[in-house]
1. From the residues Y100, A86, I161, which one has its Cα farthest along the dipole of the stretch 13-314 in the positive direction, the dipole being from +1 and -1 charges on Cβ of Lys/Arg and Asp/Glu about the Cα centre?
2. To make sure I understand, if each residue's beta carbon is the centre and we count other beta carbons within 10 Å, what order do D104, D14 fall in, fewest to most?
3. Where the eigenvalues come from the Cα gyration tensor of the stretch 70-216, what are the semi-axes √(5λ) of the equivalent ellipsoid, largest first, in whole Å?
4. Order these by the 10 Å Cβ neighbour count, fewest first: W168, W175, W210.
5. Report the relative contact order of the chain, percent, no decimals, based on alpha-carbon pairs under 8 angstrom and at least 6 residues apart.
6. If you wrap the chain's Cα atoms in a convex hull and average its projection over all directions, what's the area in nm²?
7. Once you put a point 7 Å from the Cα of E242 and another 7 Å from the Cα of S38, both along the Cβ direction, what distance in nm separates them?
8. Using 0.36 nm per residue, how much length does the chain from M82 to V103 gain when fully extended, once their Cα-Cα distance is taken away?
Amino acid sequence: MRSFPLSNRIEGLDTVRAVAALSVVFAHLLGPSMPGISRYIFTGHPAVIVFFVISGFCIHFPFRAAEMSAVAFLKRRYLRIMIPTAVALALAQWVGLRAYNPVDGYILWSVVCEVIYYSLYPLFLPISRKFGWPVMIVVSVIVSYITVIGLGSNESGNAQIYGPSLNWVVSLPAWFMGCYIAQIHRRGLYLGNIWIWRAATAITASILYWATINTPVGFYLTMMPFGVLACGWILSEAANAERGNASPIMEKVGEACFSIYLVHVIAAAAIERLGITSPIIVCAGSLLLVIPFFFCVEKPAHELSRRLGRRMVAG
């Protein structure tokens, strides 16, 4: 086996991250003001499922056939995610977003899930090598559906109503799916026309959003099958990037996806406190305010995490 790796970067994934992050922003800040069925164009919860799949992919990819130091891994991941989250939490309280906290779960519910996944990955990895990711996916899907069917959903069909103790269980299959496609990923993989995958994913997400609001079939029932579609889209974007077709702009935006996710509602609240209520202006201003957060908070945290990893390898 190889030694502890430092890189988990696959070209094309930042494009997916960018689309998912912008979908969340537009769903929160533009969607409610849009007329008729157009309000279903931008979807937040499906985008978070995409994030979970990508997270599993990126976490597992360097360790497909590598040894892992659990201590080194956890230190790097905690630094990477907790520093930006702590700063965002402080800013949210400053602007009056009291529900922006790990317990109530506004925005941070998915971050809590990620921390739990990172913490358990040193256990998941040896289990996957004994039983395989497909078995783990099947078991997690069964547990997820037992949970959501047994406890139901809120009025928006979302699953993040179960609190920090169960939210991660509900979405765990999507994270495992990401680990699985990381395991099987290989260069030269071709799954068909990339625009078909993009259109299929976007249209399906919108239809599931409509179904969530207008029928009893909510996100809490449909997000795991949607995760399978997201896997195909992610692998197709990676293959598209290998052929030199990745968008440089979207790849750059994707690098800041965590900042976009954390900060957009905080920035919107700050802008609205100035008396600005136009959704377009609030949305645009929120994205602009992400820039200083990325360069002053997230990027330094990422670099600190990388430096720690290099020191551990050198030692």
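Just so you know, all these numbers are worked out from the coordinates, no wet-lab data involved. From a predicted model like this one, the values you see are computed outputs, not experimental measurements. A quick note on method: Cβ atoms are made from the backbone with ideal geometry, for glycine too, and the neighbour counts reach across all protein chains shown.
1. In the stretch 13-314, that residue is A86.
2. D104, D14
3. 26, 24, 18
4. By the 10 Å Cβ count, ascending: W210, W168, W175.
5. 33
6. 16.1
7. That separation, rounded to one decimal, is 4.0 nm.
8. Taking M82 through V103 to full extension adds about 6.0 nm, to one decimal.
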